[in-house]
Amino acid sequence: MATYTAPINDMMFLFEKLRDNKDYNDLEKYKGVKADLAKDILEQAAKLTENLILPLAKSGDENPTKLENGIVITPPGYKEAYKKFIEDGWISLSCDPKYGGQGMPKTISAFFDEMLSSASLSFKLYSELSIGAYNCILHHGTDSIKKKYLPNMVKGIWSGTMCLTEPVCGTDLGLLKTKATEQPDGTFKLTGQKIFITSGDHDLTENIIHLVLARAADAPAGTKGISLFLVPKIKIKEDGSLGSRNGVSTGSIESKMGIKGSATCVLNFDEAVGYMIGLKNKGLSSMFTMMNLERIVVGIQGLGISEIAYQNALNYSKERKQGKSNNSKSTNGADAIIDHADIRRSLLNMKSIIEGERALSFWLAQQTEVSLHHNDNKIKQQASDLVSLMTPVVKSLFTDMGMEITSDAIQIFGGYGYTSDQGIERLYRDNRITPIYEGTNSVQAIDLVFRKLINNNGNIIGNYIKLIKEDIEKNKKNGEIKLFTETLSQYLKILIDFTDWIEKGIKSSKDDVSAACNDYLKVLGLVAVGYSWLKVLDISYKEIKNNKEFFEDKIETAKFFFDRVLPRIDTHYKSGISGSKNIMNFKFN
Ligand SMILES: Cc1cc2nc3c(=O)[nH]c(=O)nc-3n(C[C@H](O)[C@H](O)[C@H](O)COP(=O)(O)OP(=O)(O)OC[C@H]3O[C@@H](n4cnc5c(N)ncnc54)[C@H](O)[C@@H]3O)c2cc1C
């Protein structure tokens with residue numbers, strides 16, 4: 001079985017030192033959240049994920065969730081673990097104290113999300129969608145809906161889902177068919193089928209609150225006619241207690257390549273009673289509150305799975321002896337494979353990507369909090385724009401890198417990675433869904449290029465580039481990091497050129513731009529991770545005397561990233577701007 005130790009040292013380093021965001025530091029709401037408290041929470045979270053949740057990964061993989069007599073049964077150990085999970089208040093970590101939450105910032109909850117993803121993504125998903133649904137209701141529900149549903153969701157005794165996908169509509173939600181018919185009392189009756197619904201049904205909670213996209217009777221076609229409805233599995237009486245069963249049933253659960261402990265359900269809605277959330281025909285934009293935050297968390301899933309894959313590959317490479325290394329001192333037999341240059345390269349590749357991503361994710365968590373809670377609307381909007389720019393990047397880059405890293409981890413294990421005993425191939429299988437759900441990575445790249453770079457709020461990408469330029473300028477003469485600044489500056493120039501190329505072609509050469517989206521996302525993502533490393537380097541050189549081993553490790557890891565990962569930008573740029581003529585004219589037989 002794969003082993004796991006939560007990387008608390010790195011998380012605490014970011015929490016304490018990567019704090020150059022004045023707007024975040026100014027937030028009154030989080031003034032009391034000091035390093036001691038953060039450390040205490042992370043230590044408790046580490047105990048929980050390492051001891052209680054990690055074993056569930058194997059149990060869920062070997063005993064997938066099953067449907068028996070209309071009841072969805074989770075894998076052995078899930079029920080007991082979930083009970084402890086909610087009793088200890090983990091679901092409520094970042095929820096509003098008004099509804100029973102602990103009100104912790106995303107700068108802490110994102111670390112917890114990472115730990116859970118490392119330990120068992122399948123188990124995590126049962127609470128993840130609840131938090132997503134909670135956020136959506138919090139932002140768009142009426143006061144009476146919030147009062148009725150949120151406290152039990154925050155306690156974790158009711159869970160949540162996100163019901164978008166139907167047999168004929170995944171990416172293109174404009175095609176959705178589920179109907180909502182208004183009743184004289186203002187409620188709606190929903191009829192239709194949703195597929196692939198994560199945690200759509202299970203035996204962990206007494207009720208499930210579905211957030212469902214559907215089309216009201218007189219709604220226009222396409223995405224402009226979609227509304228959002230809250231549909232409880234069990235109806236709630238006026239006094240808040242559980243009533244009779246609503247018209248929602250589980251048709252089947254999917255058999256799938258990974259996350260086998262997670263119930264992925266076909267849900268049939270048969271005149272199910274629902275309540276409209278937000279405005280009629282504006283359901284998609286309300287649902288986006290949930291989806292945008294979710295997309296960042298899916299990126300963090302990729303990061304968490306990458307971390308556990310790296311840890312196991314590193315441990316194995318120290319134990320496994322094969323062949324003599326170039327500088328072998330061994331006189332009797334083989335060296336550990338970690339002594340071979342290529343294995344060291346592969347391990348450093350993983351480590352430099354993971355730690356850079358974690359720093360970027362921490363920066364994004366601060367921006368998200370500013371976008372939600374700052375008093376100054378202008379600052380709030382600026383942060384919100386940066387979050388919207390970085391959301392598709394984090395979702396796609398981290399999950400794609402998760403595929404590379406889990407595959408490389410299998411490679412380091414050799415045949416023992418491909419076979420199932422060590423639990424490494426499961427990480428690859430579990431991660432494989434992350435580039436698909438919450439909007440496929442290709443669709444994220446299209447969203448980034450066609451909707452996020454420049455929008456009604458102005459030149460968002462221009463503002464982000466300006467931010468990096470200012471830091472580069474500030475550090476141009478800064479002793480040790482000068483060389484890193486020069487390298488980043490060179491790749492920033494490519495990002496600028498690529499952005500100009502996109503802007504020129506976005507109206508006149510749409511196919512060229514569409515075919516370049518994935519490459520562009522990678523360029524922006526790698527620059528963003530490089531920029532995060534630059535911030536880490538600045539701190540590392542300043543603080544090296546205080547903790548030589550830790551900061552030397554950071555500096556050497558950053559060197560690898562700048563020498564061997566950032567240059568991927570050259571290829572992405574060249575490939576991206578090569579146009580689409582050949583692609584579009586090619587005759588597939
Ligand atoms: C395990 C699992 C859990 C899930 N959980 C949920 C859930 O909780 N709730 C929910 O509602 N859904 C859920 N989904 C559904 C998931 O979000 C969809 O599978 C995903 O959005 C893609 O839709 P699709 O499968 O219909 O693929 P399609 O939309 O058919 O896409 C097929 C391919 O075409 C590409 N493509 C599509 N449109 C374009 C375009 N315009 N330009 C370029 N390329 C395009 C896609 O990138 C993809 O590669 C889940 C799916 C799985 C497998």
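Taking the stretch 235-308 and the strands (runs of 3 or more DSSP E) fully enclosed by it, the elements with 3 or more residues that are within 23 Å of Met153 (Cα to Cα) and touching a residue at least 12 places away in the same chain (Cβ under 8 Å) are at 248-253, 264-277.
When Lys469 is tested against (1) of a type outside the set (Asp, Glu); (2) surrounded by fewer than 16 Cβ atoms within 10 Å (Cβ to Cβ); (3) touching a residue at least 40 places away in the same chain (Cβ under 8 Å), exactly one condition is not met: (3).
Scanning the stretch 424-454 for residues that are more than 12 Å from the ligand (Cβ to nearest atom), open to solvent by 10 Å² or more (accessible area, probe 1.4 Å) and touching a residue at least 24 places away in the same chain (Cβ under 8 Å) returns Arg426, Tyr428, Lys452, Ile454. When restricted to residues that are open to solvent by 20 Å² or more (accessible area, probe 1.4 Å), free of Cβ contacts under 8 Å to residues at least 60 places away in the same chain and more than 18 Å from Ser371 (Cβ to Cβ), the stretch 1-30 contains 2.
Okay, residues lined up against (1) touching a His at 6+ places or on another chain (Cβ under 6 Å); (2) at pLDDT 95 or above; (3) crowded, with 22+ Cβ neighbours inside 10 Å:
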| site | (1), (2), (3) |
| --- | --- |
| Ser286 | yes, no, yes |
| Ile296 | no, yes, yes |
| Gly302 | no, yes, yes |
| Ile308 | no, yes, yes |
| Lys324 | no, no, no |
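For Lys194, are the conditions met, namely being under 16 Å from Pro232 (Cα atoms), within 16 Å of the ligand (Cβ to nearest atom), modelled with pLDDT of 95 or more and of a type in the set (D, E, K, R)? So Lys194 passes the test. Report yes if Lys47 is free of Cβ contacts under 8 Å to residues at least 40 places away in the same chain and surrounded by fewer than 22 Cβ atoms within 10 Å (Cβ to Cβ), otherwise no. In short, yes.
Scanning the stretch 167-184 for residues that are farther than 30 Å from Asp239 by Cα and open to solvent by 10 Å² or more (accessible area, probe 1.4 Å) gives Pro167, Val168, Gly170, Thr171, Asp172, Leu173, Gly174, Leu175, Lys177. Looking for something touching a residue at least 12 places away in the same chain (Cβ under 8 Å), open to solvent by less than 10 Å² (accessible area, probe 1.4 Å) and more than 16 Å from the ligand (Cβ to nearest atom) - is there at least one such residue anywhere in the stretch 213-220? Scanning the stretch 213-220 turns up at least one residue that is touching a residue at least 12 places away in the same chain (Cβ under 8 Å), open to solvent by less than 10 Å² (accessible area, probe 1.4 Å) and more than 16 Å from the ligand (Cβ to nearest atom).
Criterion first (assigned to a helix (DSSP H, G or I), surrounded by fewer than 24 Cβ atoms within 10 Å (Cβ to Cβ) and either touching a residue at least 60 places away in the same chain (Cβ under 8 Å) or of a type in the set (A, V, I, L, M) (or both)) does Ser388 satisfy it? Criteria met by Ser388. Note on the stretch 185-207: among residues that are out of contact with any Lys or Arg (no Cβ under 6 Å at 6 or more places or on another chain) and open to solvent by 50 Å² or more (accessible area, probe 1.4 Å), the one that is nearest to Tyr275 (Cα to Cα) is Lys189. Mind checking which residues of the stretch 121-151 are of a type in the set (Lys, Arg) and open to solvent by 40 Å² or more (accessible area, probe 1.4 Å)? Residues satisfying the conditions are Lys147, Lys148.
The values are calculated or read from the model by the stated rules, or taken from the named source; none is laboratory data. Quick caveat, the model's predicted, so the values are computed rather than measured. Counting neighbours? That spans all protein chains shown, and the Cβs are built from the backbone with ideal geometry, glycine included. Heavy atoms of the whole protein, side chains included, go into the accessibility calculation; ligands, DNA and RNA do not. Shrake-Rupley method; radii C 1.70, N 1.55, O 1.52, S 1.80 Å.
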